[in-house]
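Chemist: Have a look at this one before I ask anything.
The values are calculated or read from the model by the stated rules, or taken from the named source; none is laboratory data. The structure displayed is predicted, hence computed values, not measured ones. Here the Cβ is made from the backbone with ideal geometry for all residues, glycine too, and neighbour counts use every protein chain on show. With ligands, DNA and RNA removed, areas are computed over all heavy atoms of the protein, side chains included. Shrake-Rupley method; radii C 1.70, N 1.55, O 1.52, S 1.80 Å.
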Amino acid sequence: MSDLQTLANTILVHAPALTLATGAIVAIGIVVVIVMLARPRKPPHDPVAEQRMAELNARVQTMGELLARAQSQLQHTVHERLDAVTARLGDSMRTSTKDTADHLHQLHARLALIDSAQKNITDLASQVTSLQSVLANKQSRGAFGQARMEMIIQDGLPKDCYEFQATLTNKARPDCVVHLPDGPPLVVDAKFPLEAVTAFREAKSEDDRKFAIARVRADIAKHVGDIADKYLIPGETQDMALMFVPSESIYAELYDSFDDIFQKAYRAKVIIVSPSLLMLAIQVIQQIRRDARMREAAGKILIEVGLLAADVNRLRDRVENLDKHFGQANSDIKQIVTSADKIVSRSERIRDVEFGDAPPSADILPGPGVRLEAGE
């Protein structure tokens, strides 16, 4: 048993060498077979086969020529097609290049517009930020509301119809008083408690919202009370005043959410107005002043109409007198014409007289002391 194992191990050790030897023997055999097959053999002489071979060679040569012609024609056609495709491709490339250049030009123009719009948006954002910083400060916010109110009033009324920061008898100084015809001035207040409204807008929880709502009601009620106490002076100012809110959005939000505040302010004779409502009030004041001027002018117009009627009566009397004078003058002219006709007639009769022995008639000329009557 151990001998068999030793033999197996020996075979395994020498297996690569045995494999190489076996491969070499097989290769030598293949080479020998190839050499034997490659040795030239003398072909048998066959005239028919030679003729067929010649014909076959001729056909092969003819087919070669035909193939060469077809190949030449194919190359020519391919070259023409390639030239046409190249020309079309060049035209297409030029057109595509031109279109691409146009699109790029338009894209650059649009990008320039976008850059301009972006710059405007940036400027607007900076302005909004500055506006927020202005509105965050109480004094700046008051100045902003005062400026908007002054701009609206200055655009709608002449300079003698309003006065800013006027002093009342109780030493109070309202933002503006508008003088009304035949009555005391109207007070306009431009201060508004915006902090509570801002807190109401920014409230996130329900508790914060309830607190902000209570603060809005308290702040606006206090401001309405201050206006009523300081600016509603019987006999000196109108029995109502205007509280100006410088933002339409804030006014709309208050009107939608706090209708009771407007009712309380109305009962306190304080009217809360937005910029558009203030402009409407200014237009109403303009109409009131126009009507007052018309009423003032109505008395003067009546006086002038009376004087005009007296002048017309005098003119009528004078025309009647002139008509009488014209009638008398017409009668005198008729009498003068009649006398002239008689003179002409008598002169004609004198001219036609034939002088004879008879004495002239006494009827030719009137004697002394004879007076012609009118109409003769």
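Chemist: Please give, to one decimal in nm, the separation of the simple spin-label points placed at T77 and M279, each 7 Å out from Cα toward the Cβ.
Modeler: Between T77 and M279, the label points sit 8.2 nm apart.
Chemist: Another question about this same structure. How high is the FRET efficiency between S92 and N120 when r is their beta carbon distance and R₀ equals 35 Å, given to the nearest 0.05?
Modeler: 0.30
Chemist: How much length, in nm to one decimal, is gained on full extension between K269 and I333, taken as 0.36 nm per residue of separation minus their Cα-Cα distance?
Modeler: That works out to 14.6 nm of additional length.
Chemist: Still on this model: Relative contact order for region 194-281: what percent, with Cα pairs under 8 Å and sequence separation of 6 or more?
Modeler: 28 percent
Chemist: At a 1.4 Å probe, what is the % contribution of carbon and sulfur to the accessible area of region 196-261? All intermediate terms of the calculation are to be shown ahead of the outcome.
Modeler: Details: 1880 of 3610 Å².
Heavy-atom surface of region 196-261 belonging to carbon and sulfur, 1.4 Å probe: 52 percent.
Chemist: Give the lysines whose C-alpha is closer than 18 Å to that of K342, dropping any in the same chain fewer than 8 places away, or say none.
Modeler: K334
Chemist: Further question on the same structure: Over 26 Å between Cα atoms, which of K171/K191; K230/K264; K171/K210; K171/K222 qualify?
Modeler: In this structure, K171/K210 exceed 26 Å between Cα atoms.
Chemist: Suppose each label sits 7 Å from its Cα in the direction of the beta carbon; what would the I303-S249 distance come out to in nanometres?
Modeler: Using points 7 Å along Cα→Cβ, the separation is 5.7 nm.
Chemist: Could you give the dipole magnitude of region 146-295 about its Cα centre, charging the beta-carbon of Lys and Arg +1 and that of Asp and Glu -1, in debye to the nearest 20?
Modeler: 280 debye
Chemist: Here is a further query. Starting from region 196-238, pick out the GluC sites (Glu not before Pro) whose DSSP state is loop and whose Cβ has at most 16 other Cβ atoms within 10 Å.
Modeler: For GluC sites (Glu not before Pro) across region 196-238 that sit outside H, G, I, E and B with at most 16 neighbouring Cβ atoms in 10 Å, the list reads E202, E236.
Chemist: Can you list residues whose amide H is under 5 Å from I272's amide H, if they're 5+ apart or on another chain and H is modeled 1.01 Å from N?
Modeler: So I272 has HN proximity to M243.
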